[in-house]
Amino acid sequence: QVQLVESGGGLVQAGGSLRLSCRASRSILDFNVMGWHRQAPGKQRELVATIISGGTTNYEDSAKGRFTISTDNAENTVYLQMSSLKPEDTAVYYCYAAGTIDFWGRGTQVTVSS
């Protein structure tokens, strides 16, 4: 088992930045993939960014060039740095850890005002 706790969400104006954090209750090196998904009201959950154990990153098209995923293995934390935020980035952002079993955090709300 692992608990994933997200933080860093909030209300920001369009063009602003936020950094989301996801702290795991055990080593994130235990997992093959760490990542972020988001779910906007009335929409399906969608992948935002992932980072695999070797450090390779992958981004959803709208996140490329604006979002950066990174990890701090010593702190068991994965980050999502978001810049140039748009109203359409408004969603609940969920951290996840993929291994033999997938684990999810409870999410953190990001609201981008126009």
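The values are calculated or read from the model by the stated rules, or taken from the named source; none is laboratory data. Worth saying up front: this structure is predicted, and the values here are computed from it rather than measured. Cβ placement follows ideal geometry from the backbone for every residue including glycine, while neighbour counts extend to all protein chains displayed. We work out accessible area using only protein heavy atoms, side chains counted, and drop any ligands, DNA or RNA first. Shrake-Rupley method; radii C 1.70, N 1.55, O 1.52, S 1.80 Å.
Would you kindly state how much longer the chain becomes between Gln81 and Ser53 on full extension, computed as 0.36 nm times their sequence separation minus their alpha carbon distance, in nm to one decimal? Provide the component values of the computation, followed by the final result.
Details: separation 28, 0.36 × 28 = 10.08 nm, distance 1.87 nm.
Length difference between fully extended and current span is 8.2 nm.
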Quiz prompt | Average accessible surface area per residue within segment 22-105, 1.4 Å rolling probe, Å² | solution = 50
Quiz item: How about segment 41-114: which trypsin sites (Lys or Arg not before Pro) there lie in a loop by DSSP and see at most 12 other Cβ atoms within 10 Å?
Solution: Lys43, Lys64, Arg106
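Ignoring any ligand, DNA or RNA, what whole percent of the accessible area of the chain comes from carbon and sulfur when the probe is 1.4 angstrom?
Numbers: 2760 of 6040 Å².
Ligands and nucleic acids excluded, carbon and sulfur reach 46 percent.
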Exercise. Mind checking the full-extension length gain between Ala74 and Ser25? Use 0.36 nm per residue of separation minus the Cα-Cα distance, one decimal, nm.
Key: 16.4 nm
Exercise. Consider just the alpha-carbon atoms of the chain and return their Rg together with their Dmax, both in angstrom.
Key: 13.2, 41
Self-check item: Efficiency of FRET from Cβ geometry, Trp104 and Arg66, R₀ 22 Å, rounded to 0.05
Solution: 0.40
